[in-house]
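The values are calculated or read from the model by the stated rules, or taken from the named source; none is laboratory data. As the structure is a computational prediction, the values presented were derived from the model and not from experiment. Backbone-built Cβ (ideal geometry, glycine too); neighbour counts: all protein chains shown. SASA here: full protein model, heavy atoms, side chains in, ligands and nucleic acids out. Shrake-Rupley method; radii C 1.70, N 1.55, O 1.52, S 1.80 Å.
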Amino acid sequence: MEASVESLVFVRDDEYTVARMSAEGMPGFVAAGRALAGVQPGETLRLIGEWSEHPRHGRRLTVTASERVIPSTVQAIKIYLGSGLIRGIGPRLADAIVSQFGEATLKVIDTEPERLREIVNIGPARQGQIVEAWRDQKAIAALMVFLQGFGISPLLATKIYQLYGARSADVLAADPYQLIGQVRGIGFGTADRIALRSGVPERSPERIKAAVLDRLETAAARDGHCYLPLPVLLASAAELVEQDQDIVRQMVDVLTAERRVVVEASAGASGTVVVYAKHVHSRELKLAAQLTRLGQAASTLPIRAWAEDPGLNDDQQAAVTMALTSTVSILTGGPGCGKSHTVKTVAATVKASGGTVTLTAPTGKAAKRLSELTGMPALTVHRMLAHEPDPDPGTLFEQTPAQADLIVVDEASMLDLNLATRLVSAIPAGSHLLLVGDDDQLPSIGPGSVLADLLRVETIARVRLTHVFRQADGSGIIQAAHRIRTGGLPDLPGRGGFWFEELDDPDRVAERVVHLATVAIPRKQGVRPGQVQVLCPMRKGVTGTAQLGRMMQERLNPARDGDAEHWAGSTVFRTGDRVMPVRNNYDKGVFNGETGTVTAIVQQDRLVEVLLDDGETVTYGFDELDDLTHAYAISVHRSQGSEYPFVVAPIVAEAGGIMLRRRLLYTLVTRARSWVVLVGQREALETAVHRLGHRRNTGLTRRLLLSPLG
């Protein structure tokens, strides 16, 4: 049968899709199956399937195969044009166009587009927009058919077309490996499947080289490694392509000659040979050189003497002296140890002497928190590097922020190799750089372990604050955090802001976490659910961010008749959703870690409008929604630099509990200001406390030891 898609009801992670459809003489029926993957409201499909009776949802068509077809009936064309698939046409304009041209509507758009101007409100600009959108949709539909021949999800067609346009099929045919890392959702496995089915030999040089580069990029993205030892790389790439290591070794040599990888000897006693991706190697070299430049420069700080602050203890006073005398220095310490008060004293001393200060942090929330704790303006590292104007003119950033006499970077454990390199390169010689952070927290999401690497270089000045102040000492959260940091289990079930609720079954854990976050804590504490943040060690699984986020959304912001919504893969966006960008977008001025609320979904313009927590409004096209995720439940990594009044988190050994490590648990607990409630298995909690995790492969420490800063 042929039917039009009216709306999507549900999309699962494995692409199993439930849609409400209509056909001639059969309005409003439900169809379901993985064969519907990637369908959008407005499309017309030719379906093959069987009618069945679902025990909960009633009669539905279980679809075993589907094919997109051009809508032919007036009603189907009206649904298609009014769905928002063709940018620039909404329901009213769709009615007007179809009333004018009837069943010939799509033929007119395709072959006689100038006739669209017969319709009121369609001028040359809108006509061009409609025609371009129509041609894009045709091309994407053709690309979907092409991909299906390789067993590739049609959901990837739009992403590929967005990047390569009309060249998409040619790119896929010529070198599908170039899609790796360019199109989200396409890794080596997908590209390799396309290549092999296109006739690329298994021992093709391009295939082997792609596998080598993929192993390096995967190690960076998944484990934060800057390099891999050559034996590890050879074994991993050989296993990926099921070829001999000798062939892989030859391709490493070719990639070296092509300047796409760098092979060098490590500083270890064994003299192990290591391999870097070229861009990672270049950044590591540059960061070491720029840090050396800053560390060896003579200070231009306008202050030469300062009075001791009686409100500081000896360690804090030593930190102030360090920051004012060393051009590169590090201040570390756990929660409640007075890092922020020390920073405030340093900054005030410099300002009182006529110097300039920039306070910055990797994320917007971390910068806002730094500003609140010090009483001084702060901005993100990205905004500092973008030379954005001072948000509070006349108070702090009298010149370009990166040119200040003192640059303070809070939450420095979040600095990855790329951001740290850009940051340090922008600071002039003679300025002072003070890195502030807790080295017991998780390292950066991106590759590198910058703060930990610098702490291994003894010539870099550092002070670690260890005294927990009285007001913090009474906090159950801070007590638990310090116990975890030293490898001890917190007092259970807990007290004074820290609580552990023991449950064994992951399904029950998920339900309990959602109930606590949406009902129990808001009711007991008299707060909005939005003030309770769910943090998860993992993304997948019953207690992962994806599943808990869906459950939270259904409790707090369910579908409502008449309200617009848009499905992007297995994620549905609705007005009122809490969302978070997952990558930086300098054009939009949006950065990873910020949060906001969806304020509008404009089907006609294929846009989602988001009001960020800092008051800025940004828009995302439907084809950009990979850059946006729900913020109902987020990973502990994405919570870095943020603080929430109330935190609830599942702690279970699901999928082996591979993410349960001491740094992760410590970071999780220290994100809460008033209460943190952990729900799950005691055994999993003990595992997290005692498991240290791996050390990242980096060469920054070695390079700095060869060129001392002091």
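The rows are residues; the columns are (1) open to solvent by less than 40 Å² (accessible area, probe 1.4 Å); (2) in a loop (DSSP other than H, G, I, E, B); (3) at negative phi; (4) not charged (D, E, K, R).
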residue	(1), (2), (3), (4)
550	no, no, yes, no
553	yes, no, yes, yes
561	no, yes, yes, no
594	yes, yes, yes, no
601	yes, no, yes, yes
604	no, yes, yes, yes
608	yes, no, yes, yes
Q: Inspect region 625-634 for any residue being among the polar types (S, T, N, Q), open to solvent by 40 Å² or more (accessible area, probe 1.4 Å) and out of contact with any Asp or Glu (no Cβ under 7 Å at 6 or more places or on another chain) and give the result as yes or no.
A: yes
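For every residue, the table says whether it meets (1) closer than 30 Å to residue 338 by Cα; (2) in contact with a helix residue (DSSP H, G or I) (Cβ under 8 Å, 6 or more places away or on another chain); (3) at pLDDT 95 or above; (4) of a type in the set (A, V, I, L, M).
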{"position": "251", "(1), (2), (3), (4)": "no, yes, yes, yes"}
{"position": "258", "(1), (2), (3), (4)": "no, no, yes, no"}
{"position": "271", "(1), (2), (3), (4)": "no, no, no, no"}
{"position": "286", "(1), (2), (3), (4)": "no, yes, yes, no"}
{"position": "303", "(1), (2), (3), (4)": "yes, yes, no, yes"}
{"position": "311", "(1), (2), (3), (4)": "yes, yes, no, no"}
Restricted to region 532-548 and to residues being aliphatic (A, V, I, L, M) and under 14 Å from residue 660 (Cα atoms), the residue most open to solvent (accessible area, probe 1.4 Å) is 538
Restricting region 642-660 to residues that are closer than 15 Å to residue 442 by Cα and out of contact with any helix residue (DSSP H, G or I) (no Cβ under 6 Å at 6 or more places or on another chain), the one modelled with the highest pLDDT turns out to be 659
Any hit, region 400-411, residues being under 19 Å from residue 287 (Cβ atoms), surrounded by fewer than 22 Cβ atoms within 10 Å (Cβ to Cβ), touching a residue at least 40 places away in the same chain (Cβ under 8 Å) and among the acidic types (Asp, Glu): no
Filter region 91-112 for residues that are small (Gly, Ala, Ser) and under 28 Å from residue 601 (Cα atoms); the one that is most open to solvent (accessible area, probe 1.4 Å) is 99
Only one of (1) open to solvent by 30 Å² or more (accessible area, probe 1.4 Å); (2) among the hydroxyl-bearing types (Ser, Thr, Tyr); (3) modelled with pLDDT of 90 or more does not apply to residue 158, and that is (3)
Check your understanding: Regarding residue 240, is this residue in contact (Cβ under 8 Å) with a residue 24 or more places away in the chain and in contact with a Gly (Cβ under 9 Å, 6 or more places away or on another chain)?
Key -> yes
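Quick one: would you say residue 184 is of a type in the set (Lys, Arg), exposed (fewer than 15 other Cβ atoms within 10 Å of the Cβ) and at pLDDT 85 or above?
no
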Note on region 329-354: residues open to solvent by less than 10 Å² (accessible area, probe 1.4 Å) and out of contact with any Lys or Arg (no Cβ under 7 Å at 6 or more places or on another chain) are 337, 342, 343, 346, 347, 350
Matching residues in region 570-590 (assigned to a loop (DSSP other than H, G, I, E, B) and surrounded by 20 or more Cβ atoms within 10 Å (Cβ to Cβ)) number 1
Those residues of region 46-105 which are within 20 Å of residue 137 (Cα to Cα), without any contact (Cβ under 8 Å) to a residue 12 or more places away in the chain and of a type in the set (Phe, Trp, Tyr) amount to none
So for region 303-315 (the condition being open to solvent by 30 Å² or more (accessible area, probe 1.4 Å), in contact with a His (Cβ under 9 Å, 6 or more places away or on another chain) and closer than 29 Å to residue 416 by Cβ), does at least one residue qualify? yes
### Query
open to solvent by less than 10 Å² (accessible area, probe 1.4 Å) and over 17 Å from residue 404 (Cβ atoms) - does that describe any residue in region 317-326?
yes
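Residue-by-condition table, conditions (1) of a type in the set (Ser, Thr, Tyr); (2) open to solvent by 10 Å² or more (accessible area, probe 1.4 Å); (3) at pLDDT 90 or above; (4) assigned to a helix (DSSP H, G or I):
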position: 30; (1), (2), (3), (4): no, yes, yes, no
position: 35; (1), (2), (3), (4): no, yes, yes, yes
position: 49; (1), (2), (3), (4): no, yes, yes, no
position: 89; (1), (2), (3), (4): no, no, no, no
A careful count of residues in region 476-508 that are part of a loop (DSSP other than H, G, I, E, B), open to solvent by less than 30 Å² (accessible area, probe 1.4 Å) and among the small types (Gly, Ala, Ser) gives 4
